[in-house]
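First the structure, in the form of structure tokens, and then the observations on it.
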Amino acid sequence: QVQLVESGGGLVQAGGSLRLSCTASTRTFSAYTVAWFRQPPGKEREFVAGITRNGDSTDYADSVKGRFTISRDNAKNTVYLQMNSLVPVDTSVYYCAAKFWGRVQPVNDFRTWGQGTQVIVST
């Protein structure tokens with residue numbers, strides 16, 4: 001069973017940037033499609049961005065298109081989420097999730113989750 005560990009969260013001012021990392025504990029990381037989700041305070045978890053096994057296809061929520069970029073380095077077993085032009089509504093716990101093989105969509109079949117990392121965007 002692959003394990004995922006997120007890092008890179010923190011407190012940032014509006015307009016600033018953060019880069020989140022998701023590192024997996026498996027040698028077969030290149031076989032997993034990976035996505036980022038987030039859960040704002042008091043709200044349900046929502047899809048943010050996803051990337052296929054070899055990085056040839058990505059998908060983004062409309063709310064982050066043009067601001068966030070997902071990428072991966074399979075040699076480092078790591079997926080990144082570069083977040084630019086952050087706004088207070090981006091404040092959430094961000095989770096990394098993975099599924100073996102498959103495409104990013106549908107997003108309701110990601111079965112492996114990390115513990116989350118907190119992002120707070122101040123005004």
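The values are calculated or read from the model by the stated rules, or taken from the named source; none is laboratory data. All of these numbers come straight from a predicted model, not from anything done at the bench. Note: ideal-geometry Cβ built from the backbone for every residue, glycine included; neighbour counts use all protein chains shown. Please note that ligands, DNA and RNA were not included when accessible areas were found on the heavy atoms of the full protein model with its side chains. Shrake-Rupley method; radii C 1.70, N 1.55, O 1.52, S 1.80 Å.
Show me the strands (runs of 3 or more DSSP E) entirely contained within segment 4-109 in which 2 or more residues are under 19 Å from THR123 (Cβ atoms).
Output list reads 10-13.
Of the residues in segment 75-98, how many are surrounded by fewer than 18 Cβ atoms within 10 Å (Cβ to Cβ) and charged (D, E, K, R)?
So the answer is 1.
Go through (1) on the phi < 0 side of the Ramachandran plot; (2) touching a helix residue (DSSP H, G or I) at 6+ places or on another chain (Cβ under 8 Å) and name the single condition ASN77 misses.
Unmet condition: (1).
Can you tell me how many residues within segment 63-74 are over 18 Å from GLY8 (Cα atoms) and open to solvent by 60 Å² or more (accessible area, probe 1.4 Å)?
3
Would you please name the residue that is surrounded by the most Cβ atoms within 10 Å (Cβ to Cβ), looking only at residues in segment 5-62 that are among the hydroxyl-bearing types (Ser, Thr, Tyr), more than 16 Å from ASN74 (Cα to Cα) and in contact (Cβ under 8 Å) with a residue 60 or more places away in the chain?
SER7
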